[in-house]
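**Student:** Have a look at this one.
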Amino acid sequence: MSSSPSYRAVLRAPQAARTFSAALIGRLSYGTVSLSLTLTLTRSTGSYAATGGVLALFGVTVAVLSPVRAGLIDRHGPRRALPPMALLYAAALLGITAAHGVLPLSLLALAAGACAPPLGPVMRGLWSELLPQEELLQRAYSLDTVAEELLYVSGPLLVGLIGPTPGLLLSAALVLGGTLALVGAPVARAPRPSAAATKAGRSGLVPGIGRPVLVSAALGLSLGALGLLMVCAGQGRPGAVAWLEAALATGSALGGLAYGAVHWRRPARVRLGLVVTGLGAVLAVTGLAPGLGGLAVLVGLAGLFVSPALATAYLVADECAAPEQRTRAGAWLNTAFNAGSTAGTAAAGLATGALPPAVCFALAAVPLLAVGAVPVLGTGLRRSRPATALSS
């Protein structure tokens, strides 16, 4: 490996800074909406059980229908498909601020989840239009992944400052404003799908992305389990859990930025297995850490692999997907990760009551070690990128 130019090369590409900034504004909505919804629903229903049920409806609908929404975008283009989604999503959030009763809130949550615009997959698809060279695209995906994590960290803090109802109003404004700014970028022009692409869009399938989807699901499983295990390790002390979460986020941000700034000689498909195996290896021994300080160090070390693993999975999916399937490919990775995270949290909840902590951490690493050991599945990439050396 050798050093690569700075991230300025990414943001200095024509339209890149404008398009990325617009996408981040809209994606901040997903950082603010979760806590806003939780607090608003708890106040409206007066029941944690009802709140959990409505939130589950919202989350499941967002995840399950994500490839469908992405397929609409691939077929009709961001300019035609995204604004109606953002408008309906924002309207549903506004309705939740005024609604009362479990049934109306559930219907509005379903509507919001069904219409949530997949701005992350759209932006990752647009990166491919903005940056045709693989080295710059790798750097862009790393920057994108780190920025997204920071949005999910800063969003709840922002809601904590302004309150739940203003938080929902802000979430609606952010997604609407960011989406309109994004589709106003020239690169967001509507594509012309082929007949094969239209057929694939209807089925929601993207040939060739099985491995990155499997890796994304494994990452969700392991990180979902890790989240609950950190809560258990904190023994109910919010401050201790916050430090562990901060260590993971900091490690992920540093790892992602460092990973994206390096020119790697090995193909992305090979790096994907190595990075995932590294994360699994660290996670497997994390439960042996002496005390919370040692646990924070190992969690931070594990975090160094998180953003690189996600960024590389997106890069491999982009290499495998045809241009008219990029949004859908990213959406499938998101769906796999979210489904895996839910399953991992549930599995960790069962394991913590029956097994020692060290064993639970080791089990959380198994999905990562398993997919890391799977041989690279063929080379059938639909396109290749020039390996031209880049300069900032």
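**Student:** Note down the relative contact order for the range 199-377 as a percent, whole number, built from C-alpha pairs under 8 angstrom at least six residues apart.
**Tutor:** Dividing the mean separation by the residue count of the range 199-377 yields 46 percent.
**Student:** Can you list the residues of the range 108-122 with backbone N under 19 Å from a point 7 Å past the Cα of Arg43, pointing along Cα to Cβ?
**Tutor:** Of the residues in the range 108-122, 108-109 have backbone N under 19 Å from the label point off Arg43.
**Student:** State whether the range 1-191 is rounded, prolate or oblate according to the following rule on the C-alpha gyration tensor (a ≥ b ≥ c being the square roots of its eigenvalues): a/c under 1.5 gives rounded; otherwise a/b larger than b/c gives prolate, and the remaining case gives oblate.
**Tutor:** Prolate is the answer for the range 1-191, as a/c is 1.5 or above and a/b outweighs b/c.
**Student:** If you don't mind, another one. Just how far, in whole angstrom, is the range 16-70 from the range 266-340 if you go by their alpha carbon centroids?
**Tutor:** A separation of 23 Å, based on Cα centres.
**Student:** Which length gain, in nm to one decimal place, applies between Val285 and Val68 when the Cα-Cα distance is subtracted from 0.36 nm times their residue separation?
**Tutor:** Contour length minus the Cα-Cα distance gives 74.2 nm.
**Student:** Relative contact order of the chain, please, whole-number percent, based on alpha carbon pairs below 8 angstrom and at least 6 residues apart.
**Tutor:** Once divided by the residue count of the chain, the mean separation gives 28 percent.
**Student:** If I model a spin label as a point 7 Å beyond the Cα along the Cα-Cβ vector, how far apart are those points for Ala91 and Leu274 in nm?
**Tutor:** About 5.1 nm separates the two model spin labels.
**Student:** Please report Rg (one decimal) and Dmax (integer) in Å for the Cα set of the chain.
**Tutor:** 20.4, 60
**Student:** Still on this model: Treat every Asp and Glu Cβ in the range 8-158 as -1 and every Lys and Arg Cβ as +1, leave all other atoms uncharged, and give the resulting dipole magnitude about the Cα centre to the nearest 20 debye.
**Tutor:** With Lys and Arg at +1 and Asp and Glu at -1, about 320 debye.
**Student:** Also, I was wondering about something else. Which of these, Thr61, Thr42, Thr97, has the largest mean-square fluctuation under a Gaussian network model of the chain (Cα springs below 10 Å)?
**Tutor:** Thr42
**Student:** Give me the one-decimal nm value for the distance between modelled label points at Leu355 and Leu157, 7 Å along each residue's Cα-to-Cβ direction.
**Tutor:** Distance between label points: 3.4 nm.
**Student:** Nearest 20 debye, what's the magnitude of the dipole of the chain about its Cα centre given +1 on Lys and Arg Cβ and -1 on Asp and Glu Cβ?
**Tutor:** 960
**Student:** With r defined as the distance between the Cβ atoms of Ser21 and Val374 and R0 fixed at 41 Å, what FRET efficiency is calculated, to the nearest 0.05?
**Tutor:** Approximately 0.65, to the nearest 0.05.
**Student:** Moving to a separate point now. Using 0.36 nm times the number of residues separating His100 and Ala258, minus their current alpha carbon distance, what extension gain do you get?
**Tutor:** Taking 0.36 nm per residue and subtracting the Cα distance, the gain is 52.1 nm.
**Student:** Okay, next question. Sketch the reach of a paramagnetic label on Cys232 as a point 7 Å from Cα along Cα-to-Cβ, and name the residues of the range 280-304 whose backbone nitrogen lies under 12 Å away.
**Tutor:** Counting backbone N atoms under 12 Å from the label point, the list is 287.
**Student:** Continuing with this model, one more query. Relative contact order for the range 1-191 using alpha-carbon pairs under 8 Å, separation at least 6, rounded to a whole percent?
**Tutor:** It comes to 45 percent, rounded to a whole number.
**Student:** Of the residues Pro104, Pro357, Pro78, which exhibits the maximal mean-square fluctuation in a Gaussian network model of the chain defined by a 10 Å Cα contact cut-off?
**Tutor:** Pro104
**Student:** Compute the length gained on full extension between Val366 and Arg12: take 0.36 nm times their separation in residues and subtract their Cα-Cα distance, giving the result in nm to one decimal.
**Tutor:** The Val366-Arg12 span can extend by a further 123.4 nm.
No lab work stands behind these numbers, since they all come straight from the coordinates. Only a predicted model underlies this, so the values are computations on that prediction, with no experimental measurement involved. Reconstructed Cβ throughout: ideal geometry from the backbone, glycine too, with neighbour counts over all protein chains shown.
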